[in-house]
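Participant: Next up is a structure, given as structure tokens.
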Amino acid sequence: MKINILKNYWELGEVVSDIVEHTLTLPEPKLVLPTGSTPISLYKELVNRDLDWSTTTTFNLDEYVINLNHPHSYNSFMKKQLFDRVNIYPDNYHFPFRPTEAFEDKIKEIDLCILGIGSNGHIAFNEPGSSFESRTRVVDLSEQTIEDNSRFFDSIDEVPKQAITMGLGTIMESKKIVLMANGEHKLNILNVAMNGEVTEDIPASILQNHKNVKIYYCE
Ligand code: GLP
């Protein structure tokens, strides 16, 4: 698969913003959105563009099993980075919740799904070994992910051990998928996932089976 290499982190935000901007011109657009450090330049750029979000519905890929008002919940992250800064209706943005079947019922006809990639090849919180058929569910986080994400918390003990994540099967139903990766430490796993064997050991490798995927990388 082609990995599009961009000049820098800000260009990554701009290029993916162009795709989001186009999607927002569709009638009642539906987006799936990521968290993590990678999409921050995307959200900054989207806020600057002053787009109309009033008919848009969004679903976040995942959320920790955590108090939603916790400063490091993905809920808080998204409000701070995007939702409190654009004209999206609070009823129109959603995070995975329990019962997960009820959340699944809401996710239909996704126009655009934006993903990051974890250092072990996870997408959303689908850790290595996740079934390619998986749906939204509660998962245990791997030690690697807990360690990677501890940089956002005061100590590693504060990182939640569980999350609710969209499944790989759920993600693959999106009409279009964009994966963003930032930093040299992601290049190896990105190459393995996009050009190596398609295997449940590398969850992101499932994207090789999707017809409409774009991969963007910057160092
Ligand atoms: C978390 C999220 C993923 C994200 C990954 C990478 O684990 N659940 O959706 O892709 O982090 O994060 P970062 O962009 O900070 O490297």
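The values are calculated or read from the model by the stated rules, or taken from the named source; none is laboratory data. In this text the structure is predicted, and so the values were computed from the model without any measurement. Glycine also receives a Cβ, built like all others from the backbone with ideal geometry; neighbour counts cover every protein chain displayed. In case anyone asks, the SASA skips ligands and DNA or RNA and just uses the protein heavy atoms, side chains included. Shrake-Rupley method; radii C 1.70, N 1.55, O 1.52, S 1.80 Å.
Participant: Would you please name the residue that is farthest from S205 (Cα to Cα), looking only at residues in the range 128-161 that are among the charged types (D, E, K, R) and within 12 Å of the ligand (Cβ to nearest atom)? Steps first, please.
Facilitator: Here is the first cut: in the range 128-161, the residues among the charged types (D, E, K, R) are 133, 135, 137, 140, 143, 147-148, 151, 154, 157-158, 161.
Still in the running and within 12 Å of the ligand (Cβ to nearest atom): 147-148, 151.
On the way: E147: 22, D148: 20, R151: 26 Å.
My answer is R151.
Participant: Turning to a different aspect of this structure: Quick check on G116: is it under 25 Å from L207 (Cα atoms), of a type in the set (G, A, S) and open to solvent by 10 Å² or more (accessible area, probe 1.4 Å)?
Facilitator: Values: under 25 Å from L207 (Cα atoms): yes; of a type in the set (G, A, S): yes; open to solvent by 10 Å² or more (accessible area, probe 1.4 Å): yes.
Judged against the criteria, G116 is a match.
Participant: Out of all the residues in the range 205-217, is one or more under 17 Å from G36 (Cβ atoms) and either at pLDDT below 95 or within 11 Å of the ligand (Cβ to nearest atom) (or both)?
Facilitator: No, the conditions are met nowhere in the range 205-217.
Participant: Could you check the range 1-27 and list, in sequence order, the residues that are of a type outside the set (A, V, I, L, M) and either under 15 Å from S174 (Cα atoms) or without any contact (Cβ under 8 Å) to a residue 24 or more places away in the chain (or both)?
Facilitator: D18, H22, T23, T25
Participant: Among all residue pairs at least 6 apart or on different chains, which show Cβ distances below 6 Å where the first residue, located in the range 74-87, is farther than 15 Å from S41 by Cβ and the second is open to solvent by 30 Å² or more (accessible area, probe 1.4 Å) and hydroxyl-bearing (S, T, Y)?
Facilitator: As it stands, the answer is F83/Y93; N87/S54, since those pairs meet every condition given.
Participant: Of the numbered conditions (1) over 16 Å from the mean Cα position of the chain (by Cα); (2) outside any loop (DSSP other than H, G, I, E, B); (3) hydroxyl-bearing (S, T, Y), T170 fails exactly one; give the number of that condition.
Facilitator: That leaves (1) as the condition not met.
Participant: Hey, another quick one. Could you tell me which residue of the range 69-93 is most open to solvent (accessible area, probe 1.4 Å), considering only residues that are of a type in the set (S, T, N, Q) and touching a Phe, Trp or Tyr at 6+ places or on another chain (Cβ under 7 Å)? Steps first, answer last, please.
Facilitator: Taking the range 69-93 first, the residues of a type in the set (S, T, N, Q) are 69, 73, 75-76, 81, 87, 92.
Adding the requirement that they be touching a Phe, Trp or Tyr at 6+ places or on another chain (Cβ under 7 Å) leaves 73, 75, 81, 87.
On the way: S73: 0, N75: 20, Q81: 30, N87: 72 Å².
Only one residue tops the list, namely N87.
Participant: Follow-up question, since we're still on this one. Just checking, how many residues over the range 174-198 are within 13 Å of the ligand (Cβ to nearest atom) and either of a type in the set (S, T, Y) or in a helix (DSSP H, G or I) (or both)?
Facilitator: Within the range 174-198, residues that are within 13 Å of the ligand (Cβ to nearest atom) and either of a type in the set (S, T, Y) or in a helix (DSSP H, G or I) (or both) number 7.
Participant: Here is a list: I66, I164, I146. Which entry is free of Cβ contacts under 8 Å to residues at least 24 places away in the same chain and either of a type outside the set (F, W, Y) or open to solvent by 40 Å² or more (accessible area, probe 1.4 Å) (or both)?
Facilitator: I146
Participant: Here's another thing I want to ask about it. So P96 ticks every box in (1) open to solvent by 40 Å² or more (accessible area, probe 1.4 Å); (2) part of a loop (DSSP other than H, G, I, E, B) but one. Which box is left unticked?
Facilitator: (1)
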